[in-house]
Amino acid sequence: MGQINLSEKQILLNTINSQIKTCENCKLSLTRQHALTGEGNINARIMFIALSPGTKEDTANKMFIGPSGKVFNRLLQAAQIERESVFMTNLIKCTLPKNRKPKQKEIESCSYILDEEIKIIKPEIIVPLGYYASRSILTKYKANASELGMSFKDINGQLLFLNGMKIFPITHPSALLYNPSFEPQTIEYYVKLKSLL
Ligand code: SF4
């Protein structure tokens, strides 16, 4: 049998993934089926950060396979971005019961994992999807008060440079399920994202 040669990056990712799977840092561990690890290309230039696993994702232990995932795939396809070329993860690794809003305490409890994932993957561009992921990433990269005070609509599809990181917030794919009229604009943002590489 050939020897398996794991890169240092993969070893670090495996370590954090094991921590995610058994994490009980907040009460969401009591209601989840699976704590989802990030997925995708470990050498990705783009890292997408969604909010949290949906019901289907929680059951199947896979990212973006439910209705939002279908929208996400469509957006990637429209911009000719290969899903296999990007890395995807969640701000909160365990599902939010009945898709409720996240509590600040839950975001903070899970934050150390996202920090590690970013450190390991080293993306060129971070794409937080939707309000909560964007606000958390802006806070993490020490956005100033006026940047933090901006509404999501003001930063949606805008490239921000914060502490050496390119951050490109985009509407969460789930928002398009409720507002299909957002789709053409969102496709434009994905095309812009591709052109930034
Ligand atoms: S949401 Fe995050 S911090 Fe809370 S139990 Fe799940 S993995 Fe741990």
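Just the residues that are part of a loop (DSSP other than H, G, I, E, B) and modelled with pLDDT of 95 or more, please, taken from the range 146-178.
ASN156, GLY157, GLN158, LEU159, PHE168, PRO169, THR171, HIS172
Quick one: in the range 58-102, of everything that is within 24 Å of GLU116 (Cβ to Cβ), among the charged types (D, E, K, R) and more than 14 Å from the chain's Cα centre (by Cα), which residue is most open to solvent (accessible area, probe 1.4 Å)?
GLU84
Only one of (1) within 23 Å of PRO180 (Cβ to Cβ); (2) surrounded by fewer than 18 Cβ atoms within 10 Å (Cβ to Cβ) is not met by SER52, so which one is it?
(2)
Looking only at the range 116-134, how many residues end up being surrounded by 20 or more Cβ atoms within 10 Å (Cβ to Cβ) and over 21 Å from THR37 (Cβ atoms)?
1
Exactly one condition in (1) open to solvent by 80 Å² or more (accessible area, probe 1.4 Å); (2) in contact (Cβ under 8 Å) with a residue 12 or more places away in the chain is not met by ILE137; state its number.
(1)
Among ILE46, ILE65, ILE81, ILE126, which is the only one that is farther than 27 Å from GLN158 by Cβ and more than 16 Å from the ligand (Cβ to nearest atom)?
Result: ILE65 is the single residue among ILE46, ILE65, ILE81, ILE126 that is farther than 27 Å from GLN158 by Cβ and more than 16 Å from the ligand (Cβ to nearest atom).
Among the residues of the range 64-97 satisfying the criterion of being free of Cβ contacts under 8 Å to residues at least 60 places away in the same chain and in contact with a Ser or Thr (Cβ under 9 Å, 6 or more places away or on another chain), which is nearest to ASN179 (Cα to Cα)?
The qualifying residue nearest to ASN179 (Cα to Cα) is GLY66.
Looking only at residues that are in contact (Cβ under 8 Å) with a residue 60 or more places away in the chain and more than 6 Å from the ligand (Cβ to nearest atom) in the range 11-26, which one is nearest to LEU114 (Cα to Cα)?
Going through the qualifying residues, I end up with ILE16.
What pairs can you find where one residue is in the range 51-63 and without any contact (Cβ under 8 Å) to a residue 12 or more places away in the chain, the other is part of a helix (DSSP H, G or I), and their Cβ atoms are less than 6 Å apart, with a gap of 6+ or different chains?
That search, which allows pairs on different chains as well, returns nothing.
Just need a number here: residues in the range 36-83 that are aromatic (Phe, Trp, Tyr) and in a helix (DSSP H, G or I).
1
On the basis of being at pLDDT below 95, open to solvent by 10 Å² or more (accessible area, probe 1.4 Å) and of a type in the set (D, E, K, R), does LYS142 make the cut?
For LYS142, the condition - at pLDDT below 95, open to solvent by 10 Å² or more (accessible area, probe 1.4 Å) and of a type in the set (D, E, K, R) - is met.
Looking at (1) touching a helix residue (DSSP H, G or I) at 6+ places or on another chain (Cβ under 7 Å); (2) open to solvent by 50 Å² or more (accessible area, probe 1.4 Å); (3) touching a residue at least 24 places away in the same chain (Cβ under 8 Å), which is the one condition that is false for PHE168?
(2)
For the range 88-100, does any single residue satisfy the condition of being at pLDDT 95 or above and more than 15 Å from the ligand (Cβ to nearest atom)?
Checked the range 88-100: at least one residue is at pLDDT 95 or above and more than 15 Å from the ligand (Cβ to nearest atom).
List the pairs whose first member sits in the range 153-165 and is more than 14 Å from TYR132 (Cα to Cα), whose second member is open to solvent by 80 Å² or more (accessible area, probe 1.4 Å), and whose Cβ atoms are under 8 Å apart, counting only residues at least 6 apart or on separate chains?
Short answer, once both residue conditions are applied: GLY157/GLN185; GLY157/GLU188; LEU162/LYS142; ASN163/LYS142.
The values are calculated or read from the model by the stated rules, or taken from the named source; none is laboratory data. Nothing here was measured: the structure is a model prediction, and the numbers come from that model. Note: ideal-geometry Cβ built from the backbone for every residue, glycine included; neighbour counts use all protein chains shown. Just the protein is used for accessible areas: all its heavy atoms, side chains included, with ligands, DNA and RNA removed. Shrake-Rupley method; radii C 1.70, N 1.55, O 1.52, S 1.80 Å.
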